[in-house]
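Just below is one structure, and these are the notes that go with it.
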Amino acid sequence: MSDGKVSRRDILKIGSAGALGVAGSYYLNKFSGMQDVAHAASHTSHGNHVNMNDTTKSAGYKMAERLLTEFDYGKVSILPNGKTLREYTVVAMDKEIEIAKGIKFPGWTYNGTIPGPTFRCTEGDLLRFHFTNKGSHPHSIHFHGIHPPEMDGLEPIPSGQSFTYEFEAQPYGLQLYHCHVLPLARHIHKGLYGNFIIDPKTPREKALELNMVMNGYDLDLDAENEFYTINGYAFAFMNHPIKIKKDQLVRIYLSNFTEFDLLNSFHLHANYFTYLPTGRMDNPSQFTDTIMQCQGERGILEIRFPYKGRYMFHAHVSEFAELGWMGLFEVE
């Protein structure tokens, strides 16, 4: 750190207990007057692994927790031809997001969260996304899936203007959405992304359903992430394990929106899961405990836990895990 710069490797050398405090005070002092970087209150750690034993529920944690199980089905109506119409309201806005205790990130968001809301529908529904850009830069929404090219979100919507995206939901599976305005790396890294679930017409087996989006945060704009998270907040589910029941089917909608790293991964301790790439039941599945995803890749994990106790899950890149991307399932 002799050059006055704190890298993610410096944070790792400091250790997980002190990382959040040192990073917070550093970014406050270094960048407090700059618009597009994080600024944070100083945070002092005492003892080892303080950040992994903090049971307070901060605003950032509450966001991550809510996004874990909240699905936006839109405003539903039935058209004269019998087709289901779902209408969604999406607003792009600049907003500070708490990404770890004492550290805030100047995000560009959909509806005020990173990741954005998880939109959900059924294959064949007619979808209307009423998008308004209240942010400080041009933005758009690019949906993965099959739709007319004019609905593909390549046209920037200037600040203060609106556009309605309309298309039929197809094909079923786990899709994604994100801003597609250049420079892509900046618009995605700043937080404009989320999951988009198209359910099959024949419902899947009933399960505890969880939404998980993997991401990273580059706080000093050096194209290297200092923190990695699930649903936007570091160590959220280490501090507050996800509670499930023994033998209960758990279905995880997992996607990767990590910028500046080629791959991210998901590893489960003491158990295996079935992985369905792109959430398709007709795709070749894997029975494994570790999967990798490039940016924009996604899939469904289906798990049953045969024993009670705590099961860790994390990125199987140790650096990512130690910088925020790890959690626990608590099986009761």
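Observations
- Estimated translational D of region 71-199 in µm²/s (Stokes, Kirkwood radius over Cα pairs; 4 °C; 1.567 mPa s): 87 µm²/s
- Two-site label geometry, residue 91 and residue 278: point separation in nm, points 7 Å out along Cα→Cβ: 3.5 nm
- With R₀ fixed at 22 Å, the C-beta to C-beta distance from residue 287 to residue 332 puts the FRET efficiency at about 0.35.
- Neighbours of residue 296 by Cβ distance under 14 Å: Lys/Arg scored +1, Asp/Glu scored -1, total -2.
- Accessible area in the full protein assembly, largest first, 1.4 Å probe, for 265, 77: 77, 265
- Pairwise label distance in nanometres, residue 319 with residue 262, each label 7 Å out on the Cα-Cβ vector: 1.3 nm
- Placing one equal scatterer on every Cα of region 157-299 and applying the Debye formula, the log10 ratio I(q)/I(0) at q = 0.10, 0.11, 0.22 Å⁻¹ is -0.41, -0.49, -1.53.
- Local electrostatic count, residue 109, Cβ distance below 12 Å [Lys/Arg +1, Asp/Glu -1]: +1
- For region 208-331, the carbon plus sulfur part of the accessible surface works out to 53%, probe radius 1.4 Å.
- Amide N proximity, region 239-262 versus residue 310 label position 7 Å along Cα-to-Cβ, cut-off under 19 Å: 239-246
- Stretch gain in nm, segment residue 162-residue 246, where the contour uses 0.36 nm per residue and the Cα spacing is subtracted: 25.5 nm
- Annotation for region 243-321: chymotrypsin sites (Phe, Trp or Tyr not before Pro) lying in DSSP loop with at most 16 further Cβ atoms inside 10 Å of their Cβ are 260, 272, 307.
- Antiparallel %, DSSP beta bridges [both residues in region 208-331], to 5: 75 percent
- Only protein heavy atoms count here; under a 1.4 Å probe, residue 62 has an accessible surface of about 110 Å².
- With 32 Å as the limit on Cα-Cα distance, the pairs of 101/245; 62/245; 83/246; 57/246; 104/246; 95/201 that go past it are 83/246; 104/246; 95/201.
- For region 192-332, accessible area per residue (1.4 Å probe, heavy atoms of protein chains only), Å²: 37 Å²
The values are calculated or read from the model by the stated rules, or taken from the named source; none is laboratory data. The shown structure was predicted, so the numbers you read here are calculated from the model rather than taken from an experiment. Methodologically, a virtual Cβ is constructed for each residue, glycine included, from the backbone with ideal geometry; neighbour enumeration extends over all protein chains shown. SASA here: full protein model, heavy atoms, side chains in, ligands and nucleic acids out. Shrake-Rupley method; radii C 1.70, N 1.55, O 1.52, S 1.80 Å.
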